[in-house]
Amino acid sequence: MEIFSGLGVSKAIVTRSARVAIVVGTILNLINQSDAIFGSAESDLAKAGLTYCVPFFVAMYGALSATRDYRKNSLGQDQRHKTDEDRGARAAQSLE
């Protein structure tokens, strides 16, 4: 968890992403390695592990993107208006 905290990731996002990875990764492993699970083929542990990593990082990226967009849109509106007003004032001053 300390690895992700340096990136501004909350424990809730990591936990939710891990839950998604367990469910989706298990389904994908059942699909991709059904011969190894139910039949006589050998399983590939590296592929099985990566099958869990992909949904984890996709869920993390989605949560972080949504959080960033929410913060940008809701918390930054007042600052954006001030910036636009400042640009307009500077443009008017440069024309004078």
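Numbers at a glance
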item	result
Residues of the range 59-74 satisfying the condition of being under 11 Å from the mean Cα position of the chain (by Cα) and either touching a residue at least 24 places away in the same chain (Cβ under 8 Å) or loosely packed, with under 11 Cβ neighbours inside 10 Å (or both)	ALA59, MET60, ALA63, LEU64, SER65, THR67
Complete set of residues in the range 21-53 that are open to solvent by 50 Å² or more (accessible area, probe 1.4 Å) and among the hydroxyl-bearing types (Ser, Thr, Tyr)	THR26, SER40, SER43, TYR52
Qualifying residue in the range 44-67 (condition: of a type in the set (Asp, Glu), part of a loop (DSSP other than H, G, I, E, B), on the phi < 0 side of the Ramachandran plot and at pLDDT below 90)	yes
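The values are calculated or read from the model by the stated rules, or taken from the named source; none is laboratory data. Just so you know, these numbers come straight off a predicted model, no measurement behind them. For neighbour counting, all protein chains shown are included, and Cβ atoms are generated from backbone atoms with ideal geometry for every residue, glycine included. These area figures cover heavy atoms from the full protein model, side chains too; ligands, DNA and RNA do not enter into them. Shrake-Rupley method; radii C 1.70, N 1.55, O 1.52, S 1.80 Å.
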